[in-house]
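Chemist: Here's a structure for you.
The values are calculated or read from the model by the stated rules, or taken from the named source; none is laboratory data. Quick caveat, the model's predicted, so the values are computed rather than measured. Reconstructed Cβ throughout: ideal geometry from the backbone, glycine too, with neighbour counts over all protein chains shown.
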Amino acid sequence: MAGQGMERREALRVMALAAAASQFPGFRRWAFACDHLADGALQPRPAQYAPQFFNPHEYASLERLTELILPSDGSPGANEAGVSEFVDFMVWSDPSLQYRFRYGLAWLDAHASNLHGKAFLDSGADQQTGILEHLAYKDRYRQGEEDGRAFFNLAREYTLMGFYTSKVGLEQLDFPGFKFYAESPGCPHGGDPEHLHLPRPKY
Amino acid sequence: MPKTVYDVIVIGTGAGGGMAIKTLCEAGLKVCALNSGRRINPARDFRNHRMPYEMKYRGFGDPRKRAQSYGYMDNEYVGEGIWEHGITYTTAPGTEWMWPRCHAVGGKTNFWGRSSARFGDIDFRAATLDGYDVDWPMTYEEIAPYYSRVEKMIGVASTVQNRPSNPDGEYLPPMKLRCLDHILQRGAEKVGAPYLPDRIAQLTRSHNDHPACHFCGNCTDGCDTGSFFSTPWFLLPLAEKTGNLELRTNAVVRSILVDEKGRAKGRRLYRPRHAAGGGNLRTRRGGGGILRGIGKDHAEFEVALLAGGDRQLQWPARAQPLRPLVWGHRTRVPAAASGSAELPRQRFRQHHRVDAALAESEKSSRGEVHSRLLDLPGGRMR
């Protein structure tokens, strides 16, 4: 379902609801389930996002950082999902994150200017990737970069959180939740009750 | 402030209160139900069919309030003001124990685990079998018809399993085993343990005009279709249909007025504190009576049980500070300040026959039901 437009998924969902509802005597109650859609309607995304917590330079660095963590290489990435906006909003809402993010971004700038004489944002793409690789992978560990690694972990966590809770991200994930069934979904592997002969998952 | 006299006042609308309300209303008694919180609006408050991006914090909840959250039931998928925070209880030093209280109408029946097994004969005769404590004052055979009655009312899904320790009831079709269940079942077979469907109060097909479960899997965030038993979906509509129920929300009961002998004082039922300009009530902040009321949006009530006879109350006559709530203290009802703390066994037996008495008296007069009720010891089910 990854490639489907959201409109079609929404339509399918509402159709499934209606079909299920028509079978039940308590139809009125099912209207509540549908009501969620109206009540929780998406706010339209403003053309220009005004950061709540970060200053413009920090925000631009953060946007670049999330983009490097989840690039838009052939499929939607952090940019398309508006991850930096989510991170900014969450950091603004959570005082316990504010110092860690601000310090981390400053660390990244200082580190970049030590290595390349420029702020992280102004470094070349290769230089940026080079810096992050040492923070991201265990086998590229360099002494003295512990603070940066801690920050990178945090930024990566929030990037993934923001991406996979967005509309775009959930489509990428082919999220199996939020399905409705007319009767309880049983195990489909009737011939193999011990599940010994199923192909191993890829991950 | 005009006084209204009710036959019965029920404090709380959870599993016990809700069932009492429904049963008493259907028996023709005028019932006033007091609930500490508001009513739930399923469309707004149960958000379990929303996608994360339809919520402000993507379902993670307001970070500034996360510290006081009770966890998975008390999250962004459930509306504000459903769970009670800032409860005045303490825990023993070095212990972390949470007492999540849902103060919306229906209490934790809105979020419960739905497991609805019967006690078996070995539970009722446990003392005879293992030598500890005392037997229950009734047998399984005596109580089985009432189990059936409730199961038929609320809808419980399971299978016939022929295990006397966990007797079979009247069940809806069970849920199917899923992959993990099959794997575990095979493993359990190898060690000789049964792996069977639970008795679960979840509607696998539509039942008593309640729609069947749609298996979305978010039961602990509340059910917006009313497909598992909860007071607001199953009992209140029936009680309200009788026209005998007056449900007062945001009404925290602070104390029950009793005289020095521990008896209900008389006919004054309640007095809203703010409306009456304080009256003889004092605010207790950080302390607590038997039940306490705090909060600017809560009217506080004093409640006197309407008791014409010489009924002994099992509540303490005077307000007591809440005890530290470490495990084991929770289920202990404060000892009666006056009167006997222990119930005579005969009366306890009688207590459990209230259902039968009410069923019989559905045709009979109100006074009779009332007098039967007043015969019963209250408040002490432990």
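Chemist: Hand me the list of helices (runs of 4 or more DSSP H) wholly inside the stretch A:1-110 holding 2 or more residues that are at pLDDT below 90 and surrounded by fewer than 20 Cβ atoms within 10 Å (Cβ to Cβ). Steps first, please.
Modeler: Numbers: elements: A:6-22, A:27-39, A:56-69, A:78-81, A:83-93.
Here the list reads A:6-22, A:27-39, A:78-81.
Chemist: Counting only residues that are out of contact with any Pro (no Cβ under 6 Å at 6 or more places or on another chain) and either within 7 Å of another protein chain (Cβ to nearest Cβ) or more than 19 Å from residue B:105 (Cβ to Cβ) (or both), how many does the stretch B:50-87 have? Steps first, please.
Modeler: Of all residues in the stretch B:50-87, those out of contact with any Pro (no Cβ under 6 Å at 6 or more places or on another chain) come to B:50-57, B:60-69, B:71-87.
Those left that are additionally either within 7 Å of another protein chain (Cβ to nearest Cβ) or more than 19 Å from residue B:105 (Cβ to Cβ) (or both): B:50-57, B:60-69, B:71-72, B:75-76, B:86.
Selection size over the stretch B:50-87: 23.
Chemist: Of the residues that sit in the stretch B:153-179 and are without any contact (Cβ under 8 Å) to a residue 24 or more places away in the chain and within 14 Å of chain A (Cβ to nearest Cβ), which one is nearest to residue B:208 (Cα to Cα)?
Modeler: If we take residues in the stretch B:153-179 being without any contact (Cβ under 8 Å) to a residue 24 or more places away in the chain and within 14 Å of chain A (Cβ to nearest Cβ), then B:176 is nearest to residue B:208 (Cα to Cα).
Chemist: For the stretch B:198-222, which residues satisfy the criterion of being of a type in the set (Ser, Thr, Tyr) and either more than 7 Å from chain A (Cβ to nearest Cβ) or touching a residue at least 24 places away in the same chain (Cβ under 8 Å) (or both)? Full working, then the answer.
Modeler: Just the residues of the stretch B:198-222 that are of a type in the set (Ser, Thr, Tyr), to begin with: B:204, B:206, B:220.
Those that are of a type in the set (Ser, Thr, Tyr) and either more than 7 Å from chain A (Cβ to nearest Cβ) or touching a residue at least 24 places away in the same chain (Cβ under 8 Å) (or both): B:204, B:220.
Chemist: What residue, among those in the stretch B:171-215 that are part of a loop (DSSP other than H, G, I, E, B) and touching a Cys at 6+ places or on another chain (Cβ under 9 Å), is nearest to residue B:152 (Cα to Cα)? Lay out the reasoning, then the answer.
Modeler: Step one: of the stretch B:171-215, the residues part of a loop (DSSP other than H, G, I, E, B) are B:171, B:173-178, B:191-199, B:201, B:203-206, B:208-209, B:211-215.
Checking which are touching a Cys at 6+ places or on another chain (Cβ under 9 Å) leaves us with B:175-178, B:203-205, B:213.
Working: B:175: 17, B:176: 21, B:177: 23, B:178: 26, B:203: 11, B:204: 13, B:205: 13, B:213: 16 Å.
Looking at the filtered set, the residue picked out is B:203.
Chemist: Can you tell me which residues in the stretch B:194-214 are of a type in the set (Ser, Thr, Tyr) and either within 25 Å of the chain's Cα centre (by Cα) or surrounded by 24 or more Cβ atoms within 10 Å (Cβ to Cβ) (or both)?
Modeler: Taking the stretch B:194-214 and keeping what is of a type in the set (Ser, Thr, Tyr), we get B:195, B:204, B:206.
Correct list: B:204, B:206.
Chemist: Somewhere in the stretch B:188-197, is a residue small (Gly, Ala, Ser), within 9 Å of chain A (Cβ to nearest Cβ) and either without any contact (Cβ under 8 Å) to a residue 24 or more places away in the chain or farther than 30 Å from residue B:141 by Cβ (or both)?
Modeler: Keep residues of the stretch B:188-197 that are small (Gly, Ala, Ser), which gives B:188, B:192-193.
Next, only the ones that are within 9 Å of chain A (Cβ to nearest Cβ) stay: none.
Looking for residues that are small (Gly, Ala, Ser), within 9 Å of chain A (Cβ to nearest Cβ) and either without any contact (Cβ under 8 Å) to a residue 24 or more places away in the chain or farther than 30 Å from residue B:141 by Cβ (or both), one finds none in the stretch B:188-197, hence no.
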